[in-house]
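Input: a single structure, listed below in structure tokens.
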Amino acid sequence: MNALLVRLLVSRIAIAILTLLFVSVAVFLGTEMLPGDVAQAVYGQNATPDAVEGLRRALHLDQPAYLRYLLWLGRLLTGDPGNSLVNNLPIAELVATRLPNSLMLASVTIVVCVPMSLILGISSAIWQDSLYDRTVSLATMSLVSVPELVIATLAVIMFAVNLRWFPALSYSAGLLSLNQIFQLFALPVFTLSCVLIAQIMRTTRAAVIDCLRSSYVETAVLKGARPMRIVLNHAVPNAIGPIANAVALSVSHLLGGAVIVETIFNFPGLGRLLVDAVATRDMPLIQACVIIYCAAYLFLVALADIAGMLSNPRLRH
Amino acid sequence: MSVDHNNTAIEAPAQPRRRLPLSLGGMVGATIVAFWVVVAIIGPYIAPHDAGALLDDDLFGHMRWKFPLGSDYLGRDVLSRILVGARYSIGVATVATFLAVLMGGSLGMLAAVSRGPVDMTLSRLFDALISIPSKMSALVLIAALGSSIPVLIATVAGIFTPGVFRIWRGLAINVNALDFVEVARARGESTAYLIREEILPNISGPVLTDFGLRFMFAVLLLSSLSFVGLGVQPPDADWGSLVRENIDGLADGAPAVIMPAIAIATLTVGVNLLVDNLPRRWSSTVEH
């Protein structure tokens with residue numbers, strides 16, 4: 001670690017924090033565009049001027065927008081984003097029951113995907129332009145361009161309806177046996193993996209091929225090293241930076257897909273909580289969920305950048 | 001008086017085309033895309049049944065002569081509903097992408113040509129906006145404004161504008177640095193003239209490629225939104241809504257749920273095949 005590297009890292013982290021602040025302002029403004037206000041919406045038909053006025057004061061809606069933003073931000077940072085408008089439960093509690101499931105889903109997907117996509121990416125770089133490479137490329141290109149809902153639908157038809165390996169939709173009630181946990185996760189993980197593997201594999205292949213074009217690989221070829229050795233000992237170690245970058249970026253794209261996949265499979269995660277909140281226009285809950293997703297996204301993008309910086313040898317001396 | 005125009009005028013008769021301009025994959029993609037565009041335009045007129053009429057006593061009916069793609073959860077004709085839905089799936093995505101290109105593209109070229117503080121301000125603003133994941137912006141805006149076709153178009157257009165701006169600005173800056181633009185500027189031509197006559201004709205290829213990819217992402221985003229019930233609202237239905245409303249037929253493998261899913265997949269794979277096989281000089285680097 002040297003001074004330049006430390007300065008780059010610190011500035012990258014500062015940028016991430018500033019961006020998150022900007023995002024929080026944007027989210028706050030976006031949810032404040034609602035015609036009419038929350039107090040009116042809560043009481044609906046039963047709104048009496050007194051009741052609406054009381055709630056408005058309780059929710060600080062009589063304050064100017066920037067004060068309400070600061071108040072909201074302060075409560076968010078101290079871990080108390082208030083109550084849901086729909087069922088009046090504390091948002092922190094709702095998120096706490098859902099977030100671990102979503103994190104679990106994401107981690108299982110990453111553990112399944114990363115080794116598989118690295119093997120696929122490196123092997124198709126080795127046998128570049130072969131029938132194998134073309135087949136894998138066509139398959140991943142198709143997977144990248146198909147929405148999660150189509151993959152999920154076809155996966156259910158194949159595994160649940162034709163092969164009868166799993167129930168079609170996830171469920172969870174009380175304690176789960178190991179077998180039930182597997183069934184709960186199998187199809188959502190499969191669907192997310194299809195997209196993630198395709199993305200990571202394509203960037204891995206490109207990164208390795210890029211290294212194969214360099215002059216040190218040419219030297220290795222001239223000295224008579226076998227193709228397998230050239231790829232594994234010369235090209236792959238140099239492609240690790242771009243690959244780590246690609247993995248972090250792909251995982252950040254996974255977040256949006258997870259929202260859809262959780263909804264499709266009725267998976268009790270943060271994504272479904274968010275979609276349900278949007279359907280019932282539960283603004284405080286939407287704000288909290290969106291900020292969590294955006295924070296995770298910005299963290300992963302920053303991680304991708306940092307991986308890129310650390311792997312750049314020009315910054316090591 | 002674009003340089004481009006003169007070139008084609010001279011080259012066209014001298015060089016008869018011996019090869020197809022597209023590879024096999026590109027031709028397949030172009031055919032699929034053309035097919036769906038035609039369906040989107042004439043779909044409602046060739047639909048065999050009224051898309052809203054309850055016709056079949058059998059719910060989730062199988063494929064047969066009267067209902068070539070089966071019937072849905074209310075006994076409506078699936079083929080007719082897909083033909084009518086094409087207009088929503090393709091129409092909304094096309095209009096939204098077009099608006100995004102109009103806004104992002106003109107601001108991008110303006111930023112590239114003006115340079116200085118205009119470029120700085122616009123670039124910073126769009127860089128910040130691009131850091132919000134597209135599905136999150138869509139959910140927030142739909143929660144705030146409710147879901148309707150105009151809101152969906154505006155939302156998707158707004159979400160894609162920063163990305164379009166980035167690509168167009170990058171391409172325009174490269175052209176802007178070339179001598180003939182400097183000459184035009186020295187002649188005292190206006191900014192509008194520079195954009196229209198010097199920049200635009202020279203970035204049209206990559207910009208078309210970018211349009212294709214954005215259109216595909218728009219279709220993906222819109223069908224996902226409709227699928228979770230936040231996109232096109234009943235009684236109207238795009239292909240994502242069709243998959244959603246027939247999801248109960250999934251356990252029986254009903255064609256009512258498989259066919260709209262296949263329609264989405266063929267359209268997006270077709271666009272990607274076409275864009276992937278466009279001439280290399282047209283390529284633009286796009287991140288989603």
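Taking the Cα centre as origin and putting +1 on Lys and Arg beta-carbons and -1 on Asp and Glu beta-carbons, what dipole magnitude results for the stretch A:196-244, to the nearest 20 debye?
For this selection, approximately 140 debye.
Between A:Asn83 and residues 5 or more places away or on another chain, which pairs have amide H atoms under 5 Å apart, with H built 1.01 Å from N, and which residues are they?
Distant-sequence amide H within range of A:Asn83: A:Ile91.
Just to be sure I understand the model, the point goes 7 Å from the Cα along the line to the Cβ. What's the resulting A:Arg7 to B:Ser106 distance in nm?
4.3
Calculate the mean, over all residues of peptide B:125-134, of how many other protein chain Cβ atoms lie within 10 angstrom of the residue's Cβ.
The shielding value for this peptide is 5.
To the nearest 0.05, what FRET efficiency results for B:Arg196 and B:Asp58 with a Förster distance of 51 Å applied to their C-beta separation?
For R0 = 51 Å, the calculated efficiency reads 0.30.
How about the stretch B:105-206: which trypsin sites (Lys or Arg not before Pro) there are in a DSSP loop, with at most 12 other Cβ atoms within 10 Å of their Cβ?
On the way: sites: B:Arg115, B:Arg124, B:Lys135, B:Arg166, B:Arg169, B:Arg185, B:Arg187, B:Arg196; in loops: B:Arg115, B:Arg187.
Here the sparse-neighbourhood loop sites are B:Arg115, B:Arg187.
Rounded to whole Hz and in sequence order, give me ³J(HN,Hα) for the stretch A:195-212 from the Karplus expression 6.51 cos²θ - 1.76 cosθ + 1.60, θ = phi - 60°, writing x for Gly and Pro.
So the Karplus estimates, Gly and Pro as x, are 5, 5, 4, 4, 5, 5, 4, 5, 6, 4, 4, 4, 5, 5, 4, 4, 5, 5 Hz.
Rounded, prolate or oblate: pick one for chain A, where a ≥ b ≥ c are the square roots of the eigenvalues of its C-alpha gyration tensor, a/c under 1.5 means rounded, and failing that, prolate if a/b is larger than b/c, else oblate.
Since a/c reaches 1.5 but b/c is at least a/b, the shape of chain A is classed as oblate.
Let me know the shape class of the protein assembly as shown, please: from the alpha-carbon gyration tensor, a ≥ b ≥ c as square roots of the eigenvalues, rounded when a/c is under 1.5, otherwise prolate if a/b is greater than b/c, or oblate.
rounded
Where does chain A land at 222 nm, in deg cm²/dmol rounded to the nearest 500, when only DSSP H runs of n ≥ 4 count, each adding -39500 (n - 2.57), divided by all residues?
The helix contribution divided over chain A gives -24500 deg cm²/dmol.
With +1 on the Cβ of every Lys and Arg and -1 on the Cβ of every Asp and Glu, and nothing else charged, how large is the dipole of the stretch B:22-276 about its Cα centre, in debye rounded to the nearest 20?
Taking the Cα centre of the stretch B:22-276 as origin, the dipole is about 560 debye.
Based on DSSP H runs of at least 4 residues, each adding -39500 (n - 2.57), what is the mean residue ellipticity at 222 nm of chain B after dividing by all its residues, to the nearest 500 deg cm²/dmol?
Using -39500 (n - 2.57) per qualifying helix, the result is -22500 deg cm²/dmol.
Using Cα-only point scatterers and the Debye equation, what is log10 of I(q)/I(0) for the stretch A:59-127 at each q in 0.26 Å⁻¹, rounded to two decimals?
Per q value, in the given order, log10 I(q)/I(0) is -1.09.
Let me know the shape class of the stretch B:17-165, please: from the alpha-carbon gyration tensor, a ≥ b ≥ c as square roots of the eigenvalues, rounded when a/c is under 1.5, otherwise prolate if a/b is greater than b/c, or oblate.
Taking the square roots of the gyration eigenvalues as a ≥ b ≥ c, the stretch B:17-165 is oblate.
When averaged across all projection directions, what area in nm² does the alpha-carbon convex hull of the stretch B:117-266 cover?
With every direction weighted equally, the projected area is 11.4 nm².
Project the alpha carbons of the stretch B:22-276 onto their principal axes and report the range along each, largest first, in whole Å.
Answer, in whole Å and largest first: 75, 43, 27 Å.
For the stretch B:60-101, report the % of Cα-Cα distances exceeding 14 Å.
Working: 477 of 861 pairs.
For the stretch B:60-101, the fraction of Cα-Cα distances above 14 Å is 55 percent.
In units of 2.2 N^0.38 Å, what is the alpha-carbon radius of gyration of the stretch A:236-317?
The reported ratio for this selection is 1.43.
Positive end of the charge dipole of chain B (Lys, Arg +1 and Asp, Glu -1 on Cβ, about the Cα centre): tell me which of B:Val28, B:Ile42, B:Leu267 has its Cα farthest that way.
Result: B:Val28.
Read the figures in this text as sums done on the coordinates, not as results from a lab. Source: prediction; values computed, not measured. Methodologically, a virtual Cβ is constructed for each residue, glycine included, from the backbone with ideal geometry; neighbour enumeration extends over all protein chains shown.
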